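The values are calculated or read from the model by the stated rules, or taken from the named source; none is laboratory data. Fair warning: this is a prediction, and the values are worked out from it, not measured in the lab. All Cβ positions, glycine included, derive from the backbone under ideal geometry; neighbour counts span all protein chains shown. Each accessible area value is taken on the protein alone, full model and side chains, heavy atoms only, with ligands, DNA and RNA left out. Shrake-Rupley method; radii C 1.70, N 1.55, O 1.52, S 1.80 Å.
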Amino acid sequence: MQQAKPSNQDLEKAFKVASFLSCITSGFLPEDADGNHREFDRHNPEHCHQAIQVLLELNAESNLHRTVYAAETLLNPENKIVDPDVSHLEVHPERRLPSEKQGQH
């Protein structure tokens, strides 16, 4: 299967989206230019409008879909790239070098 690889900018923006969502879930907007945190109220229409604007700008600057789809492609057990039986990223057992297979879990 061929899948477009995300660019460094795509990855950077994906991290920014994740960080932004984490901040607003905690009730804050990310730091402003002066390093100040502002509260975020999901019931405040103006705050929600600001949040949507930030997310739309981040999405316009990158291809978040390509980033997520690439991760899904790497993690899909049918592609046998990543070991599906461990909780961390590790090469699939069928792709390991013989020297790596000796210390399998």
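Defining a contact as two alpha carbons under 8 Å apart and six or more residues distant in sequence, what relative contact order in percent does the stretch 16-105 show? Walk me through the numbers before you get to the answer.
Working: 56 pairs, mean separation 10.8, N = 90.
Over the stretch 16-105, the number comes to 12 percent.
Among Q53, Q2, I24, which residue has its Cα furthest toward the positive end of the charge dipole of the chain, with +1 on Lys/Arg Cβ and -1 on Asp/Glu Cβ?
Farthest along the dipole direction, towards plus: Q2.
Using the heavy atoms of the protein chains and a 1.4 angstrom probe, tell me the accessible area per residue for the chain in square angstrom.
76 Å²
Viscosity 0.692 mPa s, temperature 37 °C: give me the Stokes-Einstein translational D for the stretch 9-105 in µm²/s, with Rh taken as the Kirkwood radius over C-alpha pairs. Don't jump to the answer; show the numbers that get you there.
Details: Rh = 16.3 Å.
Value of D from the Cα-based Kirkwood radius: 201 µm²/s.
Please identify the trypsin sites (Lys or Arg not before Pro) of the stretch 25-105 that satisfy two criteria: DSSP loop assignment and at most 14 other Cβ atoms within 10 Å. Which are they?
Details: sites: R38, R42, R66, K80, R95, R96, K101; in loops: R42, K80, R96.
Passing sites in the stretch 25-105 are R42, K80.
Find out how many positive minus negative residues lie around Y69, taking Lys and Arg as positive, Asp and Glu as negative, among other residues whose Cβ is under 15 Å from that of Y69. It would help to have the intermediate numbers written out before the result.
Values: positive: K5, K13, R66; negative: D10, E72, E78.
Net charge around Y69: 0.
What dipole magnitude, in Debye to the nearest 20, does the stretch 36-103 give about its Cα centre under +1 on Lys/Arg Cβ and -1 on Asp/Glu Cβ?
200 debye
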